[in-house]
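Structure, as C-alpha cells:
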Amino acid sequence: MNDSLAAKVRSVIAGHFGIDANRLTEEARFRDLGADWLDRLELMIVIEDQVPGVAIVDVVADQIDTIGDLMRAIGSLDNNRAAGAMRGELTSHDDASLSK
C-alpha cells in the first residue's frame, strides 16, 4: 500500500473514532479502541465512501480485528488494482502491436 493511501485510511479511522492517529499502531485492536462489531461495520462503510476504489467484502470485514488487518486488506485491494492495471496496459499494448 502506498504511503498516501495508508495516511488517508489512518486519517479516516482516527476521525471516525475521534482519536489521535498516533494511537493507531498495527497491533491496535478495534475492541481496544472501544469499537464493537457495528462500529467496525460503520467504519468499513466510511472507508469505502471516503477512499476511492476501496470495497471491503463482508467476509473480509468479519476477519479484521486490528488496524494491521485492515491495512493489509486494503493493501491487498490496492495491489490487485495495480496488477489489473498492468495487465490492462499490457493487453492494450499487445493489441496495438498486433494491429500494425
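Computed from the coordinates by the stated procedures, all read-outs in this text should not be read as laboratory data. Please read these numbers as outputs of a predicted model, since none were measured by experiment. Glycine gets a Cβ as well: all are built from the backbone with ideal geometry, and neighbour counts include every protein chain shown.
Of the residues that sit in the stretch 1-42 and are among the β-branched types (Val, Ile, Thr) and over 17 Å from Ala61 (Cα atoms), which one is farthest from the chain's Cα centre (by Cα)?
Selected residue: Ile19.
Of everything in the stretch 9-27, what is of a type in the set (A, V, I, L, M, F, W, C) and surrounded by fewer than 16 Cβ atoms within 10 Å (Cβ to Cβ)? Give them in sequence order.
The answer is Ile19, Ala21.
May I ask you to list pairs of residues, at least six apart or on different chains, whose Cβ atoms are under 8 Å apart, with the first in the stretch 19-32 being over 13 Å from Asp69 (Cβ atoms) and the second being surrounded by 14 or more Cβ atoms within 10 Å (Cβ to Cβ)?
Ile19/Leu33; Asp20/Ala14; Ala21/Arg10; Ala21/Ser11; Ala21/Ile13; Ala21/Ala14; Arg23/Ala14; Arg23/Leu33
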